[in-house]
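Taking it in order: structure first as structure tokens, then the write-up.
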Amino acid sequence: MNPAWVWFGLMALALIGEVMSGTFYLLMVAIGFAAAGIVAWAGVDIAWQLVVCAAAVLLAVLVLKRLNILKKRGSSAPSRNADLNMDIGQTVKVEAWDADGATRVWYRGAHWRAEAAPGVSPVPGLYVITELKGSSLVLSPAHAAA
């Protein structure tokens, strides 16, 4: 059996993993496997196939970093990132606050525990969800978020 098929099989597995994980890094590994498969098809020795695979992966990662495709997605924590959490930015109405600064709000068809964001005085009114702490909503006044 031609070793190129092994490399192309590994490339397919890396692409499947890429689709499942959503990172660019497995795509870079798949490029390396494809390059090794091409040189294997040409009859190059296994040691050089490994070198070509590693070099292709490193080159692909460096090119993507140079083009700023592999940059950090954002500096905010996932609990505050509206791109990761559909609840961030949604408005809720607070009827009353407890003495400990907590409340229960009706949101998405259920009652949720909520607390005021640091520095916010808990008064009844409209609030915006700014963070999630476990299953608790952290609220800021709606007028401050606008």
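No value in this document is a laboratory result; all are computed from the given coordinates. Given the structure is predicted, the values throughout are model-derived calculations rather than measurements. FYI the Cβ positions are ideal-geometry reconstructions off the backbone, even for glycines, and counts take in every protein chain you see.
Basic side chains Lys and Arg get +1 at the Cβ, acidic Asp and Glu get -1 at the Cβ, and with that the dipole of the chain about its Cα centre reaches some 240 debye. Given Cα positions, please report Rg to Rh for the chain, the hydrodynamic radius being the Kirkwood one. Result for the chain is an Rg/Rh of 1.33.
With the gyration tensor restricted to C-alpha atoms of segment 1-70, the semi-axes of the equivalent ellipsoid amount to 22, 15, 6 Å, longest first. Using the alpha-carbon atoms, what tilt in degrees (0 to 90, nearest 10) does helix 46-66 show relative to the longest principal axis of the chain? Between helix and principal axis, roughly 40 degrees. Structural descriptor for segment 13-73: relative contact order 30 percent, calculated from alpha carbon pairs under 8 angstrom and at least 6 residues apart. In segment 78-145, taking the dipole from charged Cβ atoms about the Cα centre, the farthest positive-side position among P124, V94, H111 is held by H111. In percent, rounded to a whole number, the relative contact order of segment 78-145 is 32, using alpha-carbon pairs under 8 Å and six or more apart.
Between H111 and L126, residue separation times 0.36 nm minus the direct Cα-Cα distance comes to 3.8 nm.
Taking the Cα centre of segment 78-145 as origin, work out the dipole magnitude from +1 charges on Lys and Arg Cβ and -1 charges on Asp and Glu Cβ, in debye rounded to 20.
Values: 6 positive and 7 negative charges, 23 e Å.
Dipole size: approximately 120 debye.
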